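Just below is one structure, and these are the notes that go with it.
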Amino acid sequence: MLLIDGEPEYRLWIAGTPKSRQSSTFQRYRDSIQRAARQQFPSPLNGPVEVEVVFADKHTPRPDTDNVLKPIMDALKGIAYRDDSQVISAKAHLLP
């Protein structure tokens with residue numbers, strides 16, 4: 001955990017290529033997100049949460065950013081935060 005302007009900031013590294021829900025390996029990807037989150041969050045945060053996802057994928061065609069963001073946010077529910085309604089801002093960046 002880092003403090004930025006006095007506020008806690010958590011960073012997770014999820015290895016592998018982002019997966020959509022339709023992928024045959026989606027469950028493994030979701031599990032890796034949840035494992036990484038459990039290492040950072042002893043219990044879900046209360047209050048407003050901002051989520052920022054930065055991902056790189058050199059595959060062609062690249063996944064749509066919204067298709068990458070939603071499964072990650074769903075996987076964090078109950079671990080990083082209690083409910084999606086706490087998320088007041090969500091950003092996704094695709095690196096070239």
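The values are calculated or read from the model by the stated rules, or taken from the named source; none is laboratory data. Owing to the predicted nature of the structure, the values given are computational and were not obtained by experimental measurement. We place every Cβ from the backbone using ideal geometry, glycine too, and count neighbours over all the protein chains shown. Quick note on the areas: whole protein, heavy atoms, side chains included, nothing else; ligands and nucleic acids left out. Shrake-Rupley method; radii C 1.70, N 1.55, O 1.52, S 1.80 Å.
Kirkwood-based Rg over Rh for region 4-96 (C-alpha set), two decimals?
Values: Rg = 13.2 Å, Rh = 13.9 Å.
Here the Rg-to-Rh quotient is 0.95.
Close lysine pairs were tallied over the chain: pairs 8 or more places apart or on different chains with Cα atoms under 17 Å apart number 4.
Heavy-atom accessible surface of the chain, averaged per residue, reaches 69 Å², computed with a 1.4 Å probe.
Of all trypsin sites (Lys or Arg not before Pro) in the chain, which ones are in loop regions per DSSP and have a Cβ with at most 13 other Cβ atoms within 10 Å?
Numbers: sites: Arg11, Lys19, Arg21, Arg28, Arg30, Arg35, Arg38, Lys58, Lys77, Arg82, Lys91; in loops: Arg11, Lys19, Arg21, Lys58, Arg82.
For trypsin sites (Lys or Arg not before Pro) across the chain that sit outside H, G, I, E and B with at most 13 neighbouring Cβ atoms in 10 Å, the list reads Arg11, Arg21, Lys58.
One chain, two ends: Asp84 and Arg38. Fully extended at 0.36 nm per residue, the span grows by 14.8 nm beyond their Cα-Cα distance. Summarising the amide proton neighbourhood of Leu45: residues at separation of 5 or more, or on other chains, whose placed amide H is nearer than 5 Å comprise Tyr81, Arg82. Relative to the longest principal axis of the Cα atoms of the chain, the long axis of helix 65-76 lies at roughly 50 degrees.
With n ≥ 4 as the cut-off for DSSP H runs, can you work out [θ] at 222 nm for the chain, using -39500 (n - 2.57) per run divided by the number of residues, rounded to the nearest 500? Can you show the working numbers first?
Numbers: 2 runs with 27 residues, N = 96.
Computed mean residue ellipticity for the chain: -9000 deg cm²/dmol.
Annotation: amide H-H contacts under 5 Å for Val53 (H modelled 1.01 Å from N, sequence separation of 5 or more, or interchain): Lys91, Ala92, His93. Across the accessible surface of the chain, with the other protein chains kept in place and a 1.4 Å probe, carbon and sulfur atoms take up 50 percent.
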